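Novice: Questions regarding the structure given below will be posed in turn.
The values are calculated or read from the model by the stated rules, or taken from the named source; none is laboratory data. Please read all numbers here as calculations on a predicted model, not as lab measurements. With ligands, DNA and RNA removed, areas are computed over all heavy atoms of the protein, side chains included. Shrake-Rupley method; radii C 1.70, N 1.55, O 1.52, S 1.80 Å.
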Amino acid sequence: MLGGQIFECPQPLLAAARGSKPVRTMVVNAVNDVVLESARDATVAGIIEPVLVGNLSEMRRVAERIGWDIATFEVIEADGEEAAAQAGALATGRGRAEALMKGHLHTDVFMKAVLNKEAGLRVGKPLTHISHLTVPGRAGSLIITDGALNPAPDVELKKVIIANAIALAHALGNARPKVALLSATEVLSPKIPSTTEAVELTRWAKDAVQDADVDGPLAFDLCVSPEAVKVKGVVSRVAGAADILIMPEIVVGNALMKMMTQYMGACMGGVVLGAKVPILLTSRSDPAAARLASAALAAAMRNWDMRHAG
């Protein structure tokens, strides 16, 4: 990390994750230290009950090295990335877990198994990725979507992205989140497609979204800075106090969330919604705290769904 700060999973996120029971979580290819450390931390915190997928001898060696006894947990033996991804996805689709965590394997291999019809994880909805970021020394958190899964979402997909982000905010205790539609300016410009899409989405949200405030287009400073809002004379319920930032496309979102982790020391949890269960789509380079945060997001969504079932 370029900023030199230490990642820590925020306590409010862990509090939102603790429910009546740990979330049974399929940990795919749990064959290195960081993956097993994060699974251990989430287990000790009472957030997950792990099901470990991977080469058994490798998992045992790593577990011994980090001082964690895995003898009491269910294990699904699978040798290699593809086999572990397929085994974990199939078992989860068949109801053996309430969440699916990407471990030490490439994202394309993992997502190929998730998207396989035989896995039974698709439920007819688009999948969207959500990042939850907390910066040391700064109050509150910021939700960014979609910076890791959908390259160039159109207006219809952005409606789903907005809905999923709002659902996560509700699960984390924010009853009426403020949703900003990010662009380069707050002024409508036909040369900048994200501004015209933001205007359309803002109009749509006035009737379609009852439990959040949605506004855009807004440049980044107008999303987060009350001072910038005052100077520029922008009138908006969202401007200067956004809880959720909807990205115009994946490059902007990916760069923004990585800048916050690398330069600001933000702890970033990531979760994919829209499948049968929440999917923890972490990077192989993510520290254990970020993986713990991802597990907490999945648990918070599980707890929310259980409270509102039926």
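Novice: Run the helix sum for the chain: -39,500 (n - 2.57) per DSSP H stretch of 4+ residues, divided by residue count, reported at 222 nm to the nearest 500 deg cm²/dmol.
Specialist: Details: 11 runs with 130 residues, N = 310.
Calculated from helices alone, the mean residue ellipticity at 222 nm is -13000 deg cm²/dmol.
Novice: Can I ask one more? Across all directions of projection, what mean area in square nanometres is found for the Cα convex hull of region 21-91? Present the calculation step by step, with values, prior to reporting the outcome.
Specialist: Working: hull surface 16.8 nm².
Taking a quarter of the hull surface, the average projection is 4.2 nm².
Novice: Moving on to the next point. Hey, which aspartates and glutamates would be in cross-link range of residue 178, C-alpha to C-alpha under 13 Å, not counting anything within fewer than 8 residues on its own chain?
Specialist: Here the aspartates and glutamates satisfying the reach criterion relative to residue 178 are 211, 213, 215, 243.
Novice: Choose one answer from 133, 56, 14: the residue with the largest mean-square fluctuation in a GNM of the chain with alpha-carbon springs under 10 Å.
Specialist: 56
Novice: Using alpha-carbon positions, what is the distance between the centroids of region 50-76 and region 162-226, in Å?
Specialist: Their Cα centres are 43 Å away from one another.
Novice: Here's something else I'd like to know. Of the heavy-atom accessible surface of the chain (probe 1.4 angstrom), what whole percent is carbon and sulfur? Before the final figure, lay out each step's value.
Specialist: Working: 7330 of 13750 Å².
Result for the chain: 53 percent of the exposed heavy-atom area is carbon or sulfur.
Novice: Check region 40-158 and count each lysine pair with an alpha-carbon distance under 19 angstrom, considering only pairs eight or more places apart or from different chains. Intermediate results must be reported in sequence, preceding the final value.
Specialist: Numbers: 102/112; 102/117; 112/125; 117/125; 125/158.
Lysine pair count for region 40-158: 5.
Novice: For the chain, what does the relative contact order come out to in percent, with C-alpha contacts under 8 Å and a separation of six or more? Before the final figure, lay out the partial values.
Specialist: Details: 670 pairs, mean separation 79.0, N = 310.
Once divided by the residue count of the chain, the mean separation gives 25 percent.
Novice: What accessible area per residue comes out for the chain, rounded to a whole number of Å², with a 1.4 Å probe?
Specialist: Values: 13750 Å² over 310 residues.
Value for the chain: 44 Å² per residue.
Novice: Sorted by accessible area with a 1.4 angstrom probe, largest first, how do 104, 129, 308 fall? Walk me through the numbers on the way to the answer.
Specialist: Details: 104 65, 129 5, 308 105 Å².
Result of the area sort, largest leading: 308, 104, 129.
Novice: Find the relative contact order for region 225-310 and round it to a whole percent, using C-alpha pairs within less than 8 Å whose residues are 6+ positions apart. Walk me through the numbers on the way to the answer.
Specialist: Values: 60 pairs, mean separation 15.9, N = 86.
Value for region 225-310: 19 percent.
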